[in-house]
Amino acid sequence: MSEPIRITYEVDGEDFMSAGTASTDMKRVLRQLGLDSEIIRRAAIAMYEGEINMVIHAHGGVAEVAIYEDRIEMNLIDHGPGIPDVELAMSAGYSTAAENIRELGFGAGMGLPNMKKYTDEMTIETEVGKGTTVRMVVRTV
Amino acid sequence: MRKGLMDMTIREAAALLDAEVLCGEDLLDREIASACGSDMMSDVLAFVKEHSILLTGLLNPQVVRTAEMMDMSCIVFVRGKQPGEAILELARSSGIAVLRTEYRMYAACGKLYAAGLRPHASEKI
């Protein structure tokens, strides 16, 4: 088994306009590796939703990407407020985003459901007041 | 299978919308298979298939990021919205054509629909 390719991104929580730079870069790397375009698209959308979430809700965080021979793993780690009710947060249309976020085109309550939809595995570890780690896997074979 | 539907090029869409091409002149002969009109990027990320055109009145760089993640090749800003240079630069680096039309959302979508560009068959929720 060869070692995975690992990339770590700092997600700036103060600048909504630059959110998505990590996803853009990950997408570029996946393209260079010659992965299937639909797999790249799914991983990129999930990562982008996660990045937006970290900026909207958690003042940023860290995105760790590991590309294995058979899968892409994305770990999104933040030290934000945590999610009090994960099941509720996972339901489509539920959002705690502020009105100004909606004016920017986000906060429709589709982020987490979308991340689950586009990935093969997703787990959420969260503690109120401590932060949230979302782990996502997209299989490539 | 797609009886009654047709693909069109970005150039043809631009002509139908009397649109100004703001960037991506070299991409105008790309085919688009579908279109989506929305100011809510969350919904675009949830429902849209690739090779689509995105019509929006929302004006911020996340419109370009969204189109990029979705593998969309063209953004149309409706209601005469004029994107700034930061948005156009991001679009250029992402290989996305940007158009601007004076038509409002409903009319712009209607013109493309009437010309045969349809949503994906699975679009009804």
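Give the interface area between chains A and B as buried accessible surface, both sides summed, probe 1.4 Å, in Å² to the nearest 100. Working shown, then result.
Values: alone 7770 and 6750 Å², together 12580 Å².
Chains A and B together bury approximately 1900 Å².
Given a 1.4 Å probe, show me the residues in the stretch B:40-86 buried by at least 50 Å² of accessible surface when comparing the whole protein assembly to the chain alone.
Buried by the other chains: B:Met40, B:Ser42, B:Leu45, B:Ala46, B:Gln62, B:Arg65, B:Met69, B:Asp71.
Given a Förster distance of 25 Å, report the FRET efficiency between A:Glu125 and B:Glu85 from their Cβ-Cβ distance, rounded to the nearest 0.05.
0.05
For A:Arg139 and A:Leu33, calculate 0.36 nm times their separation in residues minus their Cα-Cα distance, and state this gained length in nm to one decimal.
36.7 nm
Per DSSP H run of n ≥ 4, the term is -39500 (n - 2.57); total these for chain A, divide by its residue number, and report the mean residue ellipticity at 222 nm rounded to 500 deg cm²/dmol. Walk me through the numbers on the way to the answer.
Numbers: 5 runs with 50 residues, N = 141.
After summing the helix terms and dividing by residue count, I get -10500 deg cm²/dmol.
Enter the accessible area per residue of the protein assembly as shown (Å², integer; probe 1.4 Å; all protein chains in place). Intermediate values should be presented prior to the final figure.
Working: 12580 Å² over 266 residues.
For the protein assembly as shown, the solvent-accessible area averages 47 Å² per residue.
Mean 1/r over all different Cα pairs, inverted: what Kirkwood radius does chain A give, in Å? Intermediate values should be presented prior to the final figure.
On the way: mean 1/r = 0.0662 Å⁻¹.
With all distinct Cα pairs of chain A included, I get 15.1 Å.
Only protein chains counted, 1.4 angstrom probe. Which residues of the stretch A:93-133 are at least 30 Å² less accessible in the assembly than when their chain is isolated?
A:Leu104, A:Gly105, A:Phe106, A:Ala108, A:Met110
Rank A:Ile40, A:Ile83, A:Ile101 by mean-square fluctuation in a GNM of chain A with C-alpha springs under 10 angstrom and give only the top-ranked residue.
A:Ile101
Return one number: the angle in degrees, 0 to 90 and rounded to the nearest 10, between the long axis of the Cα atoms of helix A:37-57 and the longest principal axis of the Cα atoms of chain A.
Result, in degrees: 30.
Suppose a student asked you for the relative contact order of the stretch B:8-114, using Cα pairs under 8 Å spaced at least 6 residues apart; what percent would you report? Before the final figure, lay out each step's value.
Working: 209 pairs, mean separation 34.3, N = 107.
So the answer I get is 32 percent.
Quick one: if the Förster radius is 22 Å, what FRET efficiency do A:Met17 and B:Lys111 give, using the C-beta to C-beta distance and rounding to 0.05? Mind showing how you got there, number by number?
Values: r = 31 Å, r/R0 = 1.41.
Step by step, r from the Cβ atoms, then E = 0.10.
Check each residue of the stretch A:17-34 and keep those whose accessible area, probe 1.4 Å, is at least 30 Å² smaller with all protein chains in place than in the chain alone; give them in order of residue number.
Those are A:Met17, A:Thr24, A:Lys27, which lose 30 Å² or more relative to the chain on its own.
When the accessible area of the protein assembly as shown is split by element with a 1.4 Å probe, what percent falls to carbon and sulfur? Let's see the in-between values first.
Details: 6460 of 12580 Å².
Its accessible area is 51 percent carbon and sulfur atoms.
Cα axis of helix A:21-32 to longest principal axis of chain A: angle in degrees, 0 to 90, nearest 10?
Approximately 20 degrees, to the nearest 10.
The values are calculated or read from the model by the stated rules, or taken from the named source; none is laboratory data. This one's a predicted model, so the numbers in the text were calculated from it and none came from an experiment. Cβ coordinates were reconstructed from backbone atoms using ideal geometry, including for glycine residues, and neighbour counts include every protein chain displayed. Calculation scope for accessible area: heavy atoms of the full protein, side chains included, ligands and nucleic acids excluded. Shrake-Rupley method; radii C 1.70, N 1.55, O 1.52, S 1.80 Å.
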